[in-house]
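A quick write-up on the structure given underneath.
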Amino acid sequence: MIQLIRGFKDILPGEVEVWQRIEKTAASLFEDFGFREIRVPILEHTELFSRSIGKDTDIVEKEMYTFEDRKGDLVTLRPEATASIVRAYIQHRLYAVDPVQKFYTIGPMFRRERPQKGRYRQFYQINAEVLGVDSPLIDAELIFMLVEFFKRLSVPDTSVHLNTLGCPKCRPAFQKELHKFLSKVKTQLCADCERRKVKNPLRVLDCKVLACREAVADAPAMIDYLCDGCKGHFETVQKSLKKLYIPFEIDKRLVRGLDYYTRTTFEIQTGLLGAQSAVAGGGRYDRLIEELEGPAQPAIGFAIGFDRLAEIVAANNVSSTPGIDLFIATIGEQAKTAALEWSCGIAVSGIKNDMDFSDKGLKGQMKKADRLGARYVLILGDKEIEEGIAVLRNMTTKEQSPVPVDGIVEKLKLILTAS
Ligand code: HAM
């Protein structure tokens, strides 16, 4: 039997309702904050990601699904959405009318990581990005919106982790100090960090290996090297968050896994997920638009790990299977033909209904209606058709009442929408 590819998954009916609820919550909340949906392709030129995420990051070095297409062009299944959104902003000159643009997008991403609980090779993200705004107030607003989103979904046990990564003006001095420090502790670092130490020293601070964590416990932190501009920015973000009553923790080790970040970075972490504790992450990328040959416009955004969030939301819900309004149980061919017409008629009016297309007996059909969570069952045999009267059973009260077959679709609509 052909099975799923490792690290990929199906989202089955029963789970999908949770996903739909999350999607609706995101769309309605983000739109209230002035965001508009954008949809970008799943496949892009590899260069887009290597230039934005950074060629020395884990994602670009070893996790991308990259291949040559039939013409020999190097293409990649997107590992994230920010780079594509920036590309679209530049390519379609979306900045020309107004440089300030707020976008959100929901969809699958691909990273060939080692699969484990909460970590997949095809996973989904909900992204929100604000392009063209420099003010630290937007950083606070974005974090506020993110926290509100988790509140609306009743996600317990979340905390906001906040850091700053400075800018090209102040980061080099910090990197120099960090490099010096790492040279001193190099014998204690894992093989990956030994390599990162030279190519991407910031990432050593984020290594999950215990020995590395211990080795960098006293490493210099960016927050102590900020230039006046970055310092002022970070202070205003913190002040604004306090004004909005958003609690947060400063996390000096929060460096994130992508190279484009500047200034504010943040993660929402939860104790509910075990090792994969980040349920959302983001930050500023003030240089990225310009680096991808667009106008010099700042930007900030975040991505929520949809799969991880869905696991939490599903665990908090006893049942996510919504019932249907009506099941039509039929006995005999004539009844089945009539039922088909009625079923289609009420479905197009937005009333959820189903019927049986096999030749199950009445008992079997009633069982199926129960399983589907039907509020009502319409019982119809050839005898009822002849007499012109069907029977409607309320599955909660178990009461049964006759419904004339003549004009039944309109009557059912009335009964089912009123109750
Ligand atoms: P990221 O931290 O790589 O950031 O991913 C954001 C979130 O996606 C993570 O916190 C996690 O919840 C989820 N995630 C990442 N990898 C996986 C995986 N393999 N399986 C399941 N969930 C995963 C970004 O992608 C940035 N583009 C975020 C951003 C937007 N920054 C600015 N704008």
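The values are calculated or read from the model by the stated rules, or taken from the named source; none is laboratory data. Every value quoted in this text rests on a predicted model; they were computed, and no experiment measured them. All Cβ positions, glycine included, derive from the backbone under ideal geometry; neighbour counts span all protein chains shown. Keep in mind that these areas ignore ligands, DNA and RNA; they rest on the heavy atoms of the full protein, side chains included. Shrake-Rupley method; radii C 1.70, N 1.55, O 1.52, S 1.80 Å.
Observations, loosely collected:
- Percent accessible area from carbon and sulfur atoms, the stretch 326-414, protein chains only, probe 1.4 Å: 56
- The accessible area of Leu146, taken with all protein chains in place and a 1.4 Å probe, comes to roughly 0 Å².
- J(HN,Hα) series, the stretch 243-256, from Karplus relation 6.51 cos²θ - 1.76 cosθ + 1.60, nearest Hz, glycine and proline x: 4, 8, 6, 9, x, 8, 10, 7, 10, 5, 8, 7, 10, 6
- In order along the stretch 297-309, the Karplus-derived 3J(HN,Hα) couplings, from 6.51 cos²θ - 1.76 cosθ + 1.60 at θ = phi - 60°, round to 10, x, 6, 8, x, 8, 10, 9, x, 5, 4, 5, 5 Hz, and Gly and Pro are given as x.
- Candidate residues Leu94, Leu226: accessible-area rank, largest first, probe 1.4 Å: Leu94, Leu226
- Enclosed volume per residue, in Å³, of the convex hull spanned by Cα atoms of the chain: 201
- Positive minus negative residues near Thr76 (Lys, Arg vs Asp, Glu; Cβ under 10 Å): -1
- In straight-distance terms, cross-link reach from Lys102 covers every one of the aspartates and glutamates whose alpha-carbon lies under 12 Å from its own, apart from those fewer than eight places away in the same chain; here that gives Glu31, Asp32, Glu37, Glu129.
- Averaged per residue, the chain has 50 square angstrom of accessible surface, using a 1.4 angstrom probe with ligands and nucleic acids left out.
- Computed from the C-beta positions of Asp134 and Leu4, the FRET efficiency with R₀ = 56 Å rounds to 0.80.
- Accessible area of Asp218 in the full protein assembly, 1.4 Å probe (Å², nearest 10): 130
- The H on the amide N of Thr262, modeled in the peptide plane, is under 5 Å from the matching H of Arg284, Tyr285, Asp286, each at least 5 residues off or on a different chain.
- Cα gyration tensor category, rounded, prolate or oblate, for the stretch 326-414 with a/c compared to 1.5: rounded
- Bridge type composition, the stretch 326-414 - antiparallel percent by DSSP, nearest 5: 50
- Across the chain, the relative contact order, built from alpha-carbon pairs under 8 Å that are at least six residues apart, equals 15 percent.
- Ranked by the mean number of other Cβ atoms within 10 Å of their residues, highest first, the peptides 392-404, 103-115 come out as 103-115, 392-404.
- Accessible surface of the stretch 33-72 [probe 1.4 Å, protein heavy atoms]: carbon and sulfur percent: 49
- Straight Cα distances below 16 angstrom link Lys176 to the lysines Lys184, Lys186, Lys197, Lys199, with same-chain residues fewer than 8 positions distant left out.
- Whichever aspartates and glutamates have a C-alpha closer than 16 Å to that of Lys252, once near sequence neighbours (fewer than 8 apart) are set aside: Glu177, Asp206, Glu214, Asp218, Asp224, Glu235, Glu267
- Annotation: amide H of Gly381 within the under-5 Å range of Ile331, sequence separation 5 or more or interchain, hydrogens built in the peptide plane.
- Environment charge at Ile11 (Cβ cut-off 14 Å; Lys +1, Arg +1, Asp -1, Glu -1): -3
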